[in-house]
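Report on the following structure.
Where a number appears in this text, it was derived from the coordinates with a stated rule and is not lab data. Everything numeric in this text was worked out from a predicted model, so none of it was measured. No Cβ is skipped: glycine too gets one built from the backbone with ideal geometry, and neighbour counts run over all protein chains shown.
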Amino acid sequence: MIDISAKTRILAWLAAMPFLLVVLMFEIAPLLAVAANSIQTETSFSLSNYSEILTSKFYLGSFKVSFLISIATALIGLGIGLPAAVLLKRMPGRVQQFVVICSNIGANFTGFPLAFSFVIMLGVSGSFTLLLQRIGLLEDFNIYSTSGLVIAYSYFQIQFAILLVLPSLAAITAEIEEAAHLVGASRFAFWWRIGLPILAPSLLGSFLLLFANAMGTYATAWALVGGSANVVTIRIGELTAGDVFSDPYLADALAMLLVVSLILPIVVEQMFLRTKDRDR
Amino acid sequence: MHERSARDWIWVGLLGCLQLLPIFAIFLNSVAVDWAGTILPDGYTLAHVQNILKDPRFLQSIQNSLIVGFGSLLVTPFIVVPAILVAHCYFPTLDKYLAALVILPYAVPGIVLALGLLRIYSGNYGIVLNGSPWILIFGYMPLAAPLYYVPIKNNLRALRVTELFEAGRLLGASDALILWRVVLPCVRQGLIIGLVMNFTLAISDFVYANLLVGGHFPTLQIFMGVLNGGSGRKLSVLITTYFVVIFVATAIVVWVTSRRSEA
């Protein structure tokens, strides 16, 4: 990009080196360690961990529950996050920046703080449970359940969605909106015929990241439902730190399957985008 | 088409209220006398705050979280930001790999990386980092990288870097000086967002803290896990404190970084 002397080139590489080293040691190496462990048992190398998982109703069930929760909360996240981002885009820059910082805190609002606040609001004697019961909209609600997890996850998913979608809205310029306005397109027609098609690739990307985010959520599920939540991450944690079920090799195999189920859609999406770019 | 109507402001306000609702609920619970079977508490008190202040684990956990949070801020940007800048300015190929690398933490859940770190840094390979805050400070670094990369990259894209370098070199400035005095100030806004997010990540994480360090170095999140299942009043005070810490740190980071630029 910028032509540089040999000396500057070396210095520049030296500046980038520490980060690459950190990535190697704390991101790539751990992943390889998990992969290597997943094809071992206490005594030998084998694929028995994988066959055990893939034939176990229990573990496959945990994948199913995780999938359902993640798809639901990714859709909820986009469904509310997209209109919210569109709304924010119309606000002054300072308001946008403020909301971005708030959304970041909200997207990190997981685990015990999140779980406990939802117990206060929607638990057995939570404020909103009582309020909704009193006005007759709700009979019985159990926050310590799969639907409880969906509601709790949605809180950070919506904010993560805002963070993901907001930058991509730059593709919808004022000129496009004005042009559509001039030819008399209604707001709905504009979004349905022009806005959403323009945003479709980045919305798909956002959906996949939201999906992965929910699939990988451990702290919130642990804090809200504990060991009885049959989601993949809880099973992994149980096999790692549990006193009764500890089996680190099986945990690693489960972790690898989780990673594959997240990376595969992202890789397919990237390939799809690349061929589409070539076609243009 | 672009006028901001009052209706927009109402929606934004509503969104903000929804964002704040859980935090407000926890705050209310931390100062409630009794709150069971009613929509709002019966009365308010600071007794729980005084109560938890007597618990030595409380201050210990705050201190530990601050060590991890600020420790992360003292190390991470100095390692991550130079790589982002030189990749953008000099090495487009490296930049492509960086873009892929920073997506990785999103695709690979924290618990998976934590498993790997647990295997590698427990002494099997001669390095023992687990049980000390160092594993958290270094372990969070790849997770924090996208938090710097995305906003800084947004700033960089709006910049004509090639021309800046040509002009700077013409005036006799070294590349290092151009990066430090011209490019870095231009990405200040992205850097601030990165720093705030990095800190939030470091003190909000439970997975790494729980699996890699646990009771050896109990952070706020670990202490929350200990208190979970009790009356909940102490937990509420703890969570409220956690928000105060995030809020104050955010304010400090924004203040310091915007002040330095004026100097």
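Observations on the structure shown:
- Residues whose placed amide H lies under 5 Å from that of A:Q40, excluding near-sequence neighbours: A:S46
- The mean sequence distance of close C-alpha pairs (under 8 Å, at least 6 residues apart), as a share of the length of region A:50-279, puts its relative contact order at 30 percent.
- DSSP-loop trypsin sites (Lys or Arg not before Pro) across region B:1-75, with at most 11 other Cβ within 10 angstrom: B:K54
- Amide H to amide H, with H built 1.01 Å from N, B:A32 comes under 5 Å of B:T45, counting only residues 5 or more places away or on other chains.
- Straight-distance crosslink candidates among lysines, where the alpha carbon sits under 21 Å from B:K153 and sequence neighbours closer than 8 are dropped: A:K89, B:K96
- Value of Rg to Rh for chain A (Rh from inverse mean 1/r over Cα pairs, i.e. Kirkwood): 1.04
- Scanning chain A for GluC sites (Glu not before Pro) lying in DSSP loops with no more than 16 further Cβ atoms inside 10 Å, the longest uninterrupted stretch between such sites is A:140-280.
- Here the ratio of the Cα radius of gyration of region A:70-169 to 2.2 N^0.38 Å is 1.20.
- Anisotropy class of region A:129-234 from Cα gyration tensor, a/c 1.5 cut: oblate
- Two-site label geometry, B:L21 and A:R187: point separation in nm, points 7 Å out along Cα→Cβ: 2.2 nm
- DSSP-assigned coil residues among trypsin sites (Lys or Arg not before Pro) in region B:108-191, each with at most 14 further Cβ atoms within 10 Å: B:R160
- Considering all C-alpha pairs of region B:1-45, those separated by over 14 Å amount to 62%.
- On Cα atoms only, tilt of B:188-204 relative to the major axis of chain B in degrees: 30 degrees
- Where N is the number of residues in the protein assembly as shown, Cα Rg divided by 2.2 N^0.38 Å: 1.00
- Spatial extent of chain B: Rg and Dmax, with the Cα atoms as the point set, Å: 22.3, 74
- Degrees separating the helix B:161-170 axis from the principal Cα axis of chain B, which is the longest one: 60 degrees
- Among A:L130, A:L32, A:L11: highest mean-square fluctuation, GNM of chain A, C-alpha pairs under 10 Å: A:L11
- Pairwise Cα distances in region B:1-117 exceed 20 Å for 74 percent of all pairs.
- Per-residue 3J(HN,Hα) values for region A:129-143, derived from phi via the Karplus relation 6.51 cos²θ - 1.76 cosθ + 1.60 with θ = phi - 60°, read 4, 5, 4, 5, 5, 5, 8, x, 8, 9, 9, 8, 9, 10, 5 Hz in sequence order (x marks Gly and Pro).
- Look at B:L195, A:L122, B:L74, B:L21 and count the other Cβ atoms within 10 Å of each Cβ; fewest to most, that gives B:L74, B:L21, A:L122, B:L195.
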